[in-house]
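The values are calculated or read from the model by the stated rules, or taken from the named source; none is laboratory data. The shown structure was predicted, so the numbers you read here are calculated from the model rather than taken from an experiment. Neighbour counts run over all protein chains shown; Cβ positions are idealised from the backbone, glycine included.
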Amino acid sequence: MIEEQNDPYTGLADRLAKTTDDAREEAVAKRHARGGRTARENLADLTDGAAVSEYGQLAVAAQRSRREGDALYAETAADAVITAVGPVNGAIFGAEQSQTVLIINDYSVLAGTQGYFHHRKIDRMLDVAERDSLPIVMYTEGGGGRPGDTDVLVSMAGLNVPTFHRWAALAGRIPRIAVNHGYCFAGNAALFGAADLRIATEASCIGMAGPAMIEGGGLGTWKPQDIGPVSVHRENGVVDIVVTDEAEATEVAKRVLGCVQGSLADWQAADQSELAALMPTNRRYAFDVRKIIRHLFDSDSFIETRPDMGCAVVTGLARVEGRAVAVLASDCRHLGGAIDGESALKATALYQLAERWRLPVVSLIDTPGFMVGPDSEAAGAPRLMSDLFIAGSTLTQPIVAIFLRRAYGLGAMAMTGGSFEVPRYAASWPQGEFGAMGLEGAVHLGFRQELAAAPDEDARQALYDKLLAEMYDKGRAVEAASYLEIDAVIQPGETRGVISRALTGD
């Protein structure tokens, strides 16, 4: 027995074994009973079971003065976070191109709280990611900062932790995806919120403070499930993609990560000759732009972001001929496609993601412009809509603008990066219509006196219809192209080819 204890190989195997799920059957069973997966199960799924280089596996919590031996090793295994480098989508992109930094909080260990060595492990991985230009996938479940690390005698308040600054500083330099299931409070929520793209399960609750901190601040007693539920965050933009469970979260994280890993050689697309039929012939009728998106881009490639907020625009990621792009589209079924403040905020986030991840933008436009009126201004329209222009002006990635139908005013300009001169290529479908403002409003405003002078209501309506028809003829796509305000008028079935050729060489 003494020889076994002194055998370094046996000792190492024993210590490593204590970090596995097999060594913590009760904690694993509890996790499964609540419908969750363990951190190591998520790791295996994320990497398709491939070998990884784990960092800091033998770490334990800074609680040696509180726990001893097996209790320390098993109960604080890896200090509640698995950190590794391994392949994600390795079968698609190959071993080298798929290398990813993996940071997976382990809620079964100390509720996934952030301790002294926990932070040091994450800091180490952020350095590795920056040094080797590797993307990061982080699972953020956890209860925030841990006050019970009694061994730490070199810090008073622990406010000189570099993790949050380093994580945020990687924005625009390293693609960063956050995944959450369950409770995510305080420091964990700060990491989740600062990611480039955020995925959360329906069971997630995400808040900048947990129940104890809220109560300690004199703000009442709250159950954790009532703090930042996904039902709230899916509508305010905190969560980009909502999924059912950790299995789906992992699947979506792999698909999203693939957008920055490279192009796909194997792709399929719908019959593009069917695309025109998805647009109604009557200009007053609404249509489902998501059907156009799914038909236009590679089959099953569209991943929508923030579908429950800013509904006048649709945003997401997709592929065209295997190449990943960011998608911005008007949805005329909400506010007629007018861009309100919330939609502007959502579109701004899309531009920023495209810039950070170096993805071209395909913008599908059918908007009467920005939403106007006292309610819109009270909601912060001048700031939110102007922020969209700022995001467009700082975008260095190419934009391809496809005008599906209406393109009016500042809103249409914002959908093209701020000006019709910005897109690498700007093409309209034949039913495209252009103007400084919506045609109906332009007639009412520009011909107010003539309409008021009409002898009766029938005459007034006849004059209005005549002026509207004349204005429509002047603002048709072919006329805009003749003045070189757009580059071309194309048939809908040509759109994929137009986009692909415009992006050739990037």
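When you go through (1) among the hydroxyl-bearing types (S, T, Y); (2) assigned to a strand (DSSP E or B); (3) surrounded by fewer than 16 Cβ atoms within 10 Å (Cβ to Cβ) one by one for T281, which number turns out not to apply?
Exception for T281: condition (2).
Of the residues E251, E215, which is at pLDDT 95 or above and either over 30 Å from D366 (Cβ atoms) or among the β-branched types (V, I, T) (or both)?
Working: E215 fails: at pLDDT 95 or above.
The conditions single out E251.
Can you name every residue in the range 287-305 that is in a loop (DSSP other than H, G, I, E, B), touching a Phe, Trp or Tyr at 6+ places or on another chain (Cβ under 9 Å) and buried (at least 18 other Cβ atoms within 10 Å of the Cβ)?
Our first condition is that a residue be in a loop (DSSP other than H, G, I, E, B); within the range 287-305, this holds for 287-288, 297-302.
Restricting the remaining residues to those that are touching a Phe, Trp or Tyr at 6+ places or on another chain (Cβ under 9 Å) gives 298-299, 301.
Across the range 287-305, the qualifying residues are D298, S301.
Please go through the range 164-196 and pick out each residue that is in a loop (DSSP other than H, G, I, E, B) and either out of contact with any Gly (no Cβ under 7 Å at 6 or more places or on another chain) or farther than 22 Å from T250 by Cβ (or both).
Just the residues of the range 164-196 that are in a loop (DSSP other than H, G, I, E, B), to begin with: 170-175, 181-182, 186, 194-196.
Scanning the range 164-196 gives L170, A171, G172, R173, I174, P175, A186, A194, A195, D196.
Can you tell me which residue within the range 62-106, out of those that are touching a Phe, Trp or Tyr at 6+ places or on another chain (Cβ under 7 Å) and touching a residue at least 60 places away in the same chain (Cβ under 8 Å), is surrounded by the fewest Cβ atoms within 10 Å (Cβ to Cβ)?
Taking the candidates together, the pick is A62.
I need the full set of residues from the range 338-372 which are on the phi > 0 side of the Ramachandran plot and at pLDDT 95 or above, in order please. Even if it seems obvious, please write down each step before you answer.
Narrowing the range 338-372 to residues on the phi > 0 side of the Ramachandran plot: 358, 369.
Result: R358, single match.
Looking only at the range 160-169, filter to residues that are under 21 Å from E141 (Cα atoms) and surrounded by fewer than 21 Cβ atoms within 10 Å (Cβ to Cβ); which one of those is modelled with the lowest pLDDT? Even if it seems obvious, please write down each step before you answer.
Step one: list which residues in the range 160-169 are under 21 Å from E141 (Cα atoms), which gives 161-168.
Right, trim to surrounded by fewer than 21 Cβ atoms within 10 Å (Cβ to Cβ) and you get 161-166, 168.
On the way: V161: 84, P162: 90, T163: 93, F164: 93, H165: 95, R166: 96, A168: 97.
Per the stated criteria, the residue is V161.
Output the residues belonging to the range 311-368 that are more than 20 Å from I292 (Cβ to Cβ), in a helix (DSSP H, G or I) and not aliphatic (A, V, I, L, M).
Correct list: G341, E342, T348, Y351, Q352, E355, R356, W357.
Under 7 Å between Cβ atoms, at least 6 apart or on separate chains: pull out the pairs that start in the range 192-215 with a residue that is more than 15 Å from V137 (Cα to Cα) and end on any residue that is hydroxyl-bearing (S, T, Y).
Short answer, once both residue conditions are applied: T201/T244; E202/T244; C205/Y183; E215/T221.
May I ask you to verify whether L503 is without any contact (Cβ under 8 Å) to a residue 60 or more places away in the chain and either crowded, with 16+ Cβ neighbours inside 10 Å or assigned by TED's automatic domain parsing to the domain that holds G336 (or both)? Can you show your working first?
Details: without any contact (Cβ under 8 Å) to a residue 60 or more places away in the chain: no; either crowded, with 16+ Cβ neighbours inside 10 Å or assigned by TED's automatic domain parsing to the domain that holds G336 (or both): yes.
Spelling it out, it is not the case that L503 is without any contact (Cβ under 8 Å) to a residue 60 or more places away in the chain and either crowded, with 16+ Cβ neighbours inside 10 Å or assigned by TED's automatic domain parsing to the domain that holds G336 (or both).
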